[in-house]
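Single-structure report; data block below.
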Amino acid sequence: MKTLWAPWRMEYILSNQKGGDCIFCPGTDRGKDKERLILYLGSLSMVMMNRFPYTNGHLLISPVRHVADLESLSEEETIDLAIMVRRSVGVLRKLIGPEGFNVGLNLGRSAGAGVEEHLHYHIVPRWNGDTNYITVLGEVRVIPEHIEETYHKLFPYFQRPKFQFGGNK
Ligand SMILES: [Zn+2]
């Protein structure tokens, strides 16, 4: 049986794309948000697309504060992250129609975290047989839909004050 949930492969690439700045810290330069594939930046949490996704629509949700452990989060941050996880799953379900999701955290390097200093949830949309059509080239998976295309599709749904679950609003 193959392990299907292996986001640490992507994390490896993520952590090696550039040295220096933490990719999960929003910083002060808002002009780079699109380039960084940031979908949402609130006062407590941030949602971005994984540039090296496991499947199309692979999202990363992190606290704005640079913290490594769940225990370091305030109650407000914990709740805000949970709300953004819920919202992200809702947006993905509505817009790209996956058949399932993997939602999880890799805490610490031994658990597979590539960027262990700044905790982040992975949300990976799944389809039956998705590992069959996604080609593996070395460590990089080729995703059928262009990442920018998915970004522009998802973006407006993260700008609304409230995402409507169900219905068409
Ligand atoms: Zn950080």
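What follows draws every value from the coordinates through simple rules; no lab data is involved. Since this is a predicted model, take the numbers as computed values, not measurements. Note: ideal-geometry Cβ built from the backbone for every residue, glycine included; neighbour counts use all protein chains shown.
Brief remarks follow.
- Extension gain, SER110 to ARG160, is 14.3 nm, computed as 0.36 nm per intervening residue step minus the present C-alpha separation.
- Built amide H within the under 5 Å cut-off of ALA113, gap 5+: GLY108
- Modelled this way, with points 7 Å down the Cα-to-C-beta line, the labels at GLU35 and ALA82 are 3.7 nm from one another.
- Projected-area average for the stretch 56-130 over all orientations - Cα convex hull basis, square nanometres: 5.3
- The C-alpha radius of gyration of the stretch 40-92, expressed as a fraction of 2.2 N^0.38 Å, stands at 1.14.
- Coupling constants for the stretch 91-105 follow from the phi torsions by the Karplus curve (6.51 cos²θ - 1.76 cosθ + 1.60, θ = phi - 60°), and in residue order they are 5, 5, 4, 6, 8, 10, x, x, 8, x, 9, 9, 10, x, 10 Hz; glycine and proline get x.
- Inter-probe distance in nm under a simple model that places probes 7 Å from Cα toward Cβ, at HIS146 and ASP69: 4.5
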